[in-house]
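Q: Sending over a structure as structure tokens; questions will come in a sec.
None of the figures in this text is laboratory data; all of them are computed from the coordinates on show. In this text the structure is predicted, and so the values were computed from the model without any measurement. Here the Cβ is made from the backbone with ideal geometry for all residues, glycine too, and neighbour counts use every protein chain on show.
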Amino acid sequence: MRFSAEWTGSCHSDEKAPSLTVYPPHPTVTKERISQIGYPHGADGEICIMEVFFMKKSRMLRGVRMLTLSAMLVAMSVLIGIFCKSFLNFADGLLRVTFENLPIILSGILFGPVVGGVVGAASDLVSYLLSPQTFPPNLIVTLGAFSVGVVSGVVAKFFIRKRGNLQIIVSGGAAHIIGSMIIKPIGLFQFYGWAVFLRIPVYLVIAPLEIFLLCLLFKSKSFSRVIDETVGGSRQ
């Protein structure tokens, strides 16, 4: 298997540039295998070794950035939830003004339904562990937080792929309707009875505010720069 310096502009010198040969060639490294895993190659099957190296490094860096940003979003959701439970909690928890879903929706839009769901579930469970509650976690409420991330990710990845206000509005609205207004009230019904559905009008106010804040956030050039470095340019 030969690795050529002739293939791409980033590695191009001239057509007479010497080829680099790897000895001994690994038995599993074939031209067909290279094509399957998506590494660049020329018409004759030669591989730009520097291009392969930087592609692998770029993928690793993006993965690290994604994990770091996801962990930060979990922490943000937990801190927002703790603050809102302490200062914006009314009627013994029945009515609570909270923006803890904002980081969860953001994770779904940026990274898709899998990461969004993990961020949502992790945020709810970490928040439970940090609370003084002694009863087991309400897994239906956790499912609601999970669905907020999943729904926002599904809409952003499969339905409205182009990044912008429309993507944020539809993703955030669908996530709140399914996760916050349907699933979470079902989980809290055992505590509040039919009065739990009084939370729905509260979310009709919270959801537009979160969506508005997300739209402002995406207009920030510094934020967009970080996102482009982490997940690439806008989806088309």
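Q: Could the peptides 216-224, 67-75 be put in order, highest first, of the mean number of other beta-carbon atoms found within 10 Å of their residues?
A: 67-75, 216-224
Q: Assuming R0 = 22 Å, what is the FRET efficiency of Glu229 and Ala75, from their Cβ-Cβ distance, to the nearest 0.05?
A: Calculated value: 0.65.
Q: I've got another one for you. Take the alpha carbon atoms of segment 190-204, find their center, do the same for segment 82-123, and report the distance between the two centers in whole angstrom.
A: 16 Å
Q: Still on this structure: Report the FRET efficiency, 1/(1 + (r/R0)^6), for Asn165 and Gln190, where r is their Cβ-Cβ distance and R0 is 30 Å, rounded to 0.05.
A: Once rounded, the FRET efficiency stands at 0.20.
Q: Ranking request for peptides 161-174, 112-125, 143-156: highest mean number of other beta-carbon atoms within 10 Å first, then the rest in descending order.
A: 143-156, 112-125, 161-174
Q: Give me, ordered by chain and number, the residues 5 or more places off Leu95 or on other chains with an amide H under 5 Å from its own placed amide H.
A: Correct list: Phe90.
Q: Which of Lys157/Lys219; Lys85/Lys184; Lys157/Lys221; Lys184/Lys219; Lys85/Lys157 have a Cα-Cα distance over 24 Å?
A: Lys184/Lys219; Lys85/Lys157
Q: Tell me the Rg and the Dmax, in Å, that the Cα atoms of segment 91-236 produce.
A: Rg and Dmax of segment 91-236, Cα atoms, are 15.4, 47 Å.
Q: A further question on this structure: Say each of Asn89 and Val64 gets a label point 7 Å from the Cα, pointing the same way as Cα to Cβ; how far apart are those two points in nm?
A: Result: 3.9 nm between the two label points.
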